[in-house]
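Read the structure below first, then the notes.
Values in this text are rule-based calculations from the coordinates and carry no lab data. This one's a predicted model, so the numbers in the text were calculated from it and none came from an experiment. Note that each Cβ is placed from the backbone with ideal geometry, even for glycine, and that neighbours are counted across all protein chains shown.
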Number of protein chains: 2
Amino acid sequence: MSERPEMVVLDVNETLSDTSALAGRFEEVGAPGHLAATWFAAVLRDGFALTATGGSAPFATVAAALLDDLLAPVRLTRPVEEAKAFLVEGFAGLPLHPDVAPGLTDLAAAGVRLVTLTNGAVATTTALLAPAGVDGLFEHHLSVADAPTWKPGAGSYRWAAERCGVAAADLMLVAVHPWDVHGARGAGLRTCWVDRDARTYPSYFTPPGLRVSSLTDLARRLAAG
Amino acid sequence: MSERPEMVVLDVNETLSDTSALAGRFEEVGAPGHLAATWFAAVLRDGFALTATGGSAPFATVAAALLDDLLAPVRLTRPVEEAKAFLVEGFAGLPLHPDVAPGLTDLAAAGVRLVTLTNGAVATTTALLAPAGVDGLFEHHLSVADAPTWKPGAGSYRWAAERCGVAAADLMLVAVHPWDVHGARGAGLRTCWVDRDARTYPSYFTPPGLRVSSLTDLARRLAAG
């Protein structure tokens, strides 16, 4: 059940980074912090609508466009285009969850090859990992910007497996998002759901092969497996 | 440009109903009203993730499941399952936007055949329309629960056209959601974006054939066209 995969492909936003810190950026521009959660859900909503209709757009383009309406009723403390840029850049300025750096180090020490796959930009991934000194643990950073589709479209995971030269069945997708676990399983990958807060896994998505409470927990499980 | 279509297919949630009233239900169960916007965006996010991977689930199932995590940190004024049911039922208890009843009446008077197509349930549609006395203006109420896919998957609109015995090109999708306009256009329908609040149409979605400020505006434009 926890047999070691050849390679682990990690999601980035919210799986590695703590997106709850985005709320502070909204407050900095004069907006309610709770808009951050609505914004992130809406960016994925529109990105997935494109995915479901065979289209695509850069994450930052979707994120910026949705701020126009979200910020419209807000009395901002700076010009709107400046506020939008500050918020979109926020994804690259988030802290990592406390278990991420030690967990990645343990995974690498256990001989697991590491790669990321994000619906965002590779530049965001490196900006998040470099300050923690763990960027060098990865073989590749991949973005759906170069893939045929966003996650959870099957083409994104298959493209990642191909880019890594690994069979889908030897690749384990690790993510906090049930939709990501669901999509990866549909594409033939092994899957692990990171559940840091004892959440409920939705019944309408394919369940994960493995469920862990942190990346250090994952490293322990794979080393023991 | 505003040539009259043979039939108009209306989206339901937020296009006919005023979903901003959902906030009051959250407050009634002891939760912050702003959770309503995050919830609705997340329901569509997960529904579209299923659509993008060839799956489907009832709207109410997705809506109820997502409340588990959203309500977890809240000190509710009633048992959680009761609160969840009250919130999910909220979609059927919303007021219509003020332009809806007169707009539908005008459209029907202009000889336009009317139908609805929702990602929710038909029971929700009739519960919303009946109190305003406009339910009888419609030939059918359709739900993606009976279709091969949720909107914005092309199969949902094509299924609706077939069910109505109308060519896709003679059918006009009317919705407030850009993702709905985008999906309908991709399936060959004519499209109309209802923009009640001078919002910004995202550049990454196919633009609407027609843009109106209300359903009464739509009726005027089609009668003049």
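Comment: the Cα-to-Cβ extended label point of A:Asp135, at 7 Å, lies 6.1 nm from its counterparts in the other copies, nearest first.
Over chain B, what number does the Rg to Rh ratio reach, with both radii from the alpha-carbon atoms and Rh per Kirkwood? Walk me through the numbers before you get to the answer.
Details: Rg = 17.3 Å, Rh = 17.8 Å.
Here the Rg-to-Rh quotient is 0.97.
Residues whose amide H falls under 5 Å from that of B:Val176, counting only those 5 or more places apart or on a different chain, are B:Thr15, B:Val194, with hydrogens built in the peptide plane. Ordered by the count of other Cβ atoms within 10 Å of each Cβ, fewest first, A:Lys151, B:Lys84 give B:Lys84, A:Lys151.
Computed from backbone phi, the HN-Hα couplings of segment B:6-13 come to 5, 9, 10, 10, 9, 5, 10, 4 Hz, rounded to whole numbers (Karplus: 6.51 cos²θ - 1.76 cosθ + 1.60, θ = phi - 60°; Gly and Pro given as x).
Across segment B:122-131, coupling constants 3J(HN,Hα) worked out from phi with the 6.51/-1.76/1.60 Karplus curve, θ = phi - 60°, read 4, 4, 5, 4, 5, 5, 6, 8, 4, x Hz, and Gly and Pro carry x.
Here the relative contact order of segment A:1-127, from alpha carbon pairs under 8 Å that lie six or more residues apart, stands at 42 percent.
If the Kirkwood radius is taken over C-alpha pairs of segment A:19-92, then at 37 °C and 0.692 mPa s the Stokes-Einstein diffusion coefficient equals 263 µm²/s. Amide hydrogen proximity for B:Ala187: with H placed 1.01 Å from N in the peptide plane, no residue at 5 or more positions away or on another chain lies under 5 Å.
By how many degrees, between 0 and 90 and to the nearest 10, does the Cα long axis of helix B:154-164 differ from the longest principal axis of chain B? It works out to around 60 degrees.
Figure the gain on full extension for B:Glu3 and B:Ala132 (residue separation times 0.36 nm, minus the Cα-Cα span) and round it to one decimal in nm.
On the way: separation 129, 0.36 × 129 = 46.44 nm, distance 2.83 nm.
Length gained, B:Glu3 through B:Ala132: 43.6 nm.
Annotation for A:Arg78, label-to-label distances across the other copies: 4.4 nm (shortest first, one decimal, point 7 Å from Cα along Cα→Cβ).
Note that segment B:93-99 has calculated 3J(HN,Hα) couplings of x, 7, x, 7, 4, x, 7 Hz, one per residue in order, obtained from phi through the Karplus relation 6.51 cos²θ - 1.76 cosθ + 1.60 (θ = phi - 60°); glycine and proline are x. For the protein assembly as shown, the Cα-based Rg and Dmax, in that order, read 22.6, 73 Å. Each copy carries a label point for A:Glu89 at 7 Å from Cα toward Cβ; from one copy, the others' points are 5.0 nm away, ordered from shortest.
Per the helix-only calculation at 222 nm, which mean residue ellipticity applies to chain B, given -39500 (n - 2.57) for every DSSP H run of n ≥ 4 and division by its residues, nearest 500 deg cm²/dmol?
Working: 9 runs with 95 residues, N = 225.
Mean residue ellipticity at 222 nm (helix-derived): -12500 deg cm²/dmol.
Counting only other chain Cβ atoms within 10 Å of each residue's Cβ, the peptide B:200-208 averages 5. Taking the longest Cα principal axis of chain A as reference, the axis of helix A:215-224 is set at about 10 degrees.
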